[in-house]
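The values are calculated or read from the model by the stated rules, or taken from the named source; none is laboratory data. These figures come from a predicted structure and were not determined experimentally. Cβ sites come from the backbone with ideal geometry, for glycine too, and all protein chains shown count toward neighbours.
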Amino acid sequence: MSAFQYEIDKDGIAIVTLDLPNEKVNKLTVQVMGELNTLLDTLAARKEIKALVFRSNKAGSFIVGADIAEIQGIQERDAGERIARKGQEIFSKLESLPFPTVAAVHGPCMGGGMELALACAYRVISNDPKTAFALPEVKLGILPGFGGTQRLPRLLGLTNALDLILSGKSVYASKAKKIGLADVVTYPETLLTIAVETAKKAVGKPRPNGIRAKRPFPVKVLEGNPLTRPFVYWMAKKTVLSETRGNYPAPLAALDAVRYGLSHGLTAGYQNEARLLGELACTEISKNLISLFYLNEALKKDPHPSPVKISFAGVLGAGVMGGGIAQLFAEKGLFVRMKDINTKAVGAGFKTAADIFKKRRKKGILNPIQARNGLDRITGATDYSGFNHADLVVEAVVENMDIKKAVLRDFEATAKEHALFASNTSSLSITELALASKRPEQVVGMHFFNPVEKMPLVEVVRGKKTSEETVSAIATLSRKLGKLPVIVNDGPGFLVNRILMPYLNEAAMMLEQGGTIEEIDRTLLQFGMPMGAFLLLDEIGIDVANKVSDILLQGLGARVKPSGLLGALYKKGYYGKKNGKGFYLYEGKKRNGPDTSVYQMLTAPPTGGEKMGQDEIVDRAVLLMIKEAALCLEEKIIDRPDLLDAALIFGIGFPPFRGGLLRYADRLGLKIVIGKLEAYSKKYGERFTPPASLLSMAKAGKNFYA
Ligand SMILES: NC(=O)c1ccc[n+]([C@@H]2O[C@H](COP(=O)([O-])OP(=O)(O)OC[C@H]3O[C@@H](n4cnc5c(N)ncnc54)[C@H](O)[C@@H]3O)[C@@H](O)[C@H]2O)c1
């Protein structure tokens with residue numbers, strides 16, 4: 001069965017409908033592209049056709065792009081280049097049809113789908129919030145290879161085109177019209193009628209050419225003048241490098257594709273674009289990013305949706321996390337009751353939530369009505385009034401077991417029988433907390449990451465007595481909230497903080513041995529971490545890190561003994577960003593350079609002479625994470641390496657281009673990992689001793705990933 005159907009109306013308007021059989025969405029597979037090629041030949045020969053409208057028959061979606069599985073399968077440059085050349089040829093054929101063409105777009109129009117729409121002479125789009133254009137190829141480590149890097153700058157101008165191509169971001173209806181990507185915006189219901197009208201009006205007229213939108217004065221001059229245009233490229237490259245530190249080749253290649261095409265003409269531009277696509281598609285970085293894409297998709301899908309209905313949630317503790325959690329629940333339509341110990345603290349929780357709503361409104365993620373209605377769904381109290389309605393309560397009170405047990409008991413005294421109790425604790429035992437409960441099977445960990453509105457991960461922690469119904473209810477809710485749940489078993493620091501803390505601690509150890517804050521942070525940033533270890537410690541709070549370190553020490557023993565520096569700083573009142581005293585200097589919200597007074601708190605004077613190379617900095621910090629990750633698998637905190645990798649990427653931003661911590665370990669080779677751990681253990685002690693599971697895996701020639 002063909003993916004395309006067409007009909008020609010009495011006025012000679014051909015309406016081509018794409019509806020990929022047995023798929024929820026339209027994808028441009030090699031086969032679909034082949035069918036399109038044949039169809040275009042047929043249509044070109046039909047003399048009665050005056051104009052053409054291209055549409056999708058999938059509910060709420062135009063075309064989501066090329067087939068990612070096919071991109072993943074590309075192993076040789078030539079193969080990638082050939083696929084791109086063929087795609088370019090087919091879209092050029094579409095562009096050169098002897099009659100006007102209109103893309104009628106409703107829903108996502110992504111990647112190859114957007115390149116198809118660009119090859120049409122006009123784009124008529126619906127004003128539905130789901131309608132969005134994007135060229136997200138760079139997020140998969142490749143570039144738009146069906147002519148996108150050539151057509152887009154010619155349609156939108158250089159600055160707007162680079163903004164889309166280099167970031168992969170989505171553009172929604174009103175902006176699409178403003179920048180000239182869409183010609184007409186209409187209601188979904190009238191989309192086809194208006195697209196047909198547009199096609200009729202275009203009959204006999206030349207294809208519109210050149211940049212469609214008005215651009216502001218400096219932009220127009222800068223990119224229009226060959227002498228100043230290099231400045232636009234220079235700025236774009238600078239932004240890419242500062243965001244990626246050169247770790248991601250795709251945006252730089254895409255920049256090259258745009259620049260080359262504009263200076264050498266379309267024919268050479270297409271050739272260069274296809275060549276670059278072939279090169280990028282074979283890189284390990286692209287393969288890693290594609291694996292991550294699949295993992296993200298898999299985590300979004302609910303294998304066993306829970307029937308438990310959660311429409312009213314209580315939040316205990318209206319601090320940094322409580323305020324953020326209340327906002328998230330309310331934005332997603334839940335009614336929320338927040339409780340704290342006094343009205344000032346409740347007020348602070350409201351302010352946190354209101355500020356997030358405001359930010360999201362300004363960014364256009366929410367409209368003013370959605371933001372106001374969201375905030376209206378939150379109420380506050382200093383007692384448990386109203387908590388008897390809650391289907392779920394999430395506690396985010398201070399990290400203290402006695403206080404957490406007390407609020408659990410208080411809540412249960414007023415709660416509905418089936419209400420769930422979730423703790424946002426970073427490290428305290430869920431099993432131990434549940435000892436205070438009359439119904440421990442309804443007690444679970446729901447560990448959000450800071451800031452709640454941005455971080456995609458929720459660690460769902462299964463205590464010894466937590467029921468599977470409770471775990472599944474929290475996982476389903478997390479997905480409804482737009483988060484990615486990873487289910488882990490209870491244990492000190494659960495999964496993410498247990499692996500993160502040895503890394504942060506090692507950074508402090510290196511400081512004690514004469515390293516510097518700048519050098520260590522810069523090196524870890526260059527490795528690909530989203531921020532250096534000391535900056536992260538300041539963000540988390542040195543007080544919090546100190547507490548979590550102690551909990552890990554109690555639970556896991558001497559091998560995770562914290563550096564004396566963290567304790568010393570905590571005792572001197574260095575809590576990090578929250579009180580403006582940390583590894584860095586703060587002036588209000590502004591962060592300055594490192595705070596050198598930290599060096600005076602080293603428990604032993606720095607040796608100074610021991611110059612640590614960048615390789616050693618990365619090795620020591622990352623090898624300890626690999627060791628802890630191996631132990632987490634051994635102890636069944638989690639049972640799948642890919643889920644462990646996902647938790648670290650989505651929870652702490654472990655560099656996505658490396659594909660995950662355990663993929664990185666496999667890439668190094670487990671024998672090498674062990675050799676390095678042994679060498680460091682001779683030098684620095686037992687914290688580096690390789691775990692038994694790692695030794696036996698290496699001996700058996702196994703990897704984390706099969
Ligand atoms: N801050 C983070 O980065 C982060 C990340 C993940 C998890 N957590 C966890 O979230 C929890 C809260 O952390 P936070 O950073 O929001 O702390 P916070 O200090 O900002 O807020 C804690 C709030 O709890 C309130 N509180 C104390 N006793 C209470 C009681 N009996 N009833 C109601 N409220 C009470 C306090 O008044 C305060 O407003 C902790 O368990 C922490 O480990 C924190």
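Some observations on this one:
- Within segment 531-572, helices (runs of 4 or more DSSP H) holding 3 or more residues that are modelled with pLDDT under 95: 542-556, 564-571
- Sole exception among (1) within 30 Å of Leu477 (Cβ to Cβ); (2) polar (S, T, N, Q); (3) more than 16 Å from the ligand (Cβ to nearest atom); (4) not in a loop (DSSP other than H, G, I, E, B) for Ser306, by number: (4)
- Residue match in segment 601-617 (condition: part of a loop (DSSP other than H, G, I, E, B), of a type in the set (S, T, N, Q) and out of contact with any Leu (no Cβ under 9 Å at 6 or more places or on another chain)): yes
- Looking across segment 414-447 at every residue that is aliphatic (A, V, I, L, M) and not in a loop (DSSP other than H, G, I, E, B), the one that is farthest from the ligand (Cβ to nearest atom) is identified as Leu420.
- Tabulated pairs, segment 588-614, first under 17 Å from Asp521 (Cα atoms), second at pLDDT 80 or above and in a loop (DSSP other than H, G, I, E, B), C-beta under 6 angstrom, 6+ apart or interchain: Val598/Phe583; Met612/Gly515
- The set of residues in segment 217-250 being over 29 Å from Gly141 (Cα atoms) and β-branched (Val, Ile, Thr) consists of Val221, Thr228.
- Criterion applied to Lys86, Lys93, Lys130 was being in contact with a Gly (Cβ under 8 Å, 6 or more places away or on another chain), surrounded by fewer than 24 Cβ atoms within 10 Å (Cβ to Cβ), of a type in the set (Lys, Arg) and on the phi < 0 side of the Ramachandran plot, and the one residue passing it is Lys130.
- Criterion violated by Ile626 - all others in (1) in a helix (DSSP H, G or I); (2) modelled with pLDDT under 95 satisfied: (2)
- Complete set of residues in segment 528-564 that are in contact (Cβ under 8 Å) with a residue 40 or more places away in the chain, charged (D, E, K, R) and within 15 Å of the ligand (Cβ to nearest atom): Asp538, Glu539, Lys547
- Some residue of segment 502-518 being within 14 Å of the ligand (Cβ to nearest atom), of a type in the set (A, V, I, L, M, F, W, C), assigned to a helix (DSSP H, G or I) and buried (at least 21 other Cβ atoms within 10 Å of the Cβ): yes
- Filter result for Ser286 (under 22 Å from the mean Cα position of the chain (by Cα), at pLDDT 95 or above, of a type in the set (Ser, Thr, Tyr) and surrounded by 15 or more Cβ atoms within 10 Å (Cβ to Cβ)): yes
- Comparison of Asn424, Asn450 shows that the only residue that is of a type outside the set (Ser, Thr, Tyr) and surrounded by 22 or more Cβ atoms within 10 Å (Cβ to Cβ) is Asn424.
- The condition of being buried (at least 19 other Cβ atoms within 10 Å of the Cβ), aliphatic (A, V, I, L, M) and either at negative phi or over 29 Å from the mean Cα position of the chain (by Cα) (or both) holds for only one of Leu537, Leu553, Leu525, that being Leu537.
- Some residue of segment 337-357 being of a type in the set (A, V, I, L, M, F, W, C), within 28 Å of the chain's Cα centre (by Cα) and within 13 Å of the ligand (Cβ to nearest atom): yes
- Qualifying positions in segment 310-334 - near the ligand (Cβ under 9 Å from one of its atoms), under 26 Å from the mean Cα position of the chain (by Cα) and either surrounded by fewer than 24 Cβ atoms within 10 Å (Cβ to Cβ) or assigned to a loop (DSSP other than H, G, I, E, B) (or both): Gly319, Val320
- For segment 1-35, a residue qualifies if it is touching a helix residue (DSSP H, G or I) at 6+ places or on another chain (Cβ under 9 Å) and among the polar types (S, T, N, Q), and the qualifying residues are Ser2, Asn26, Thr29.
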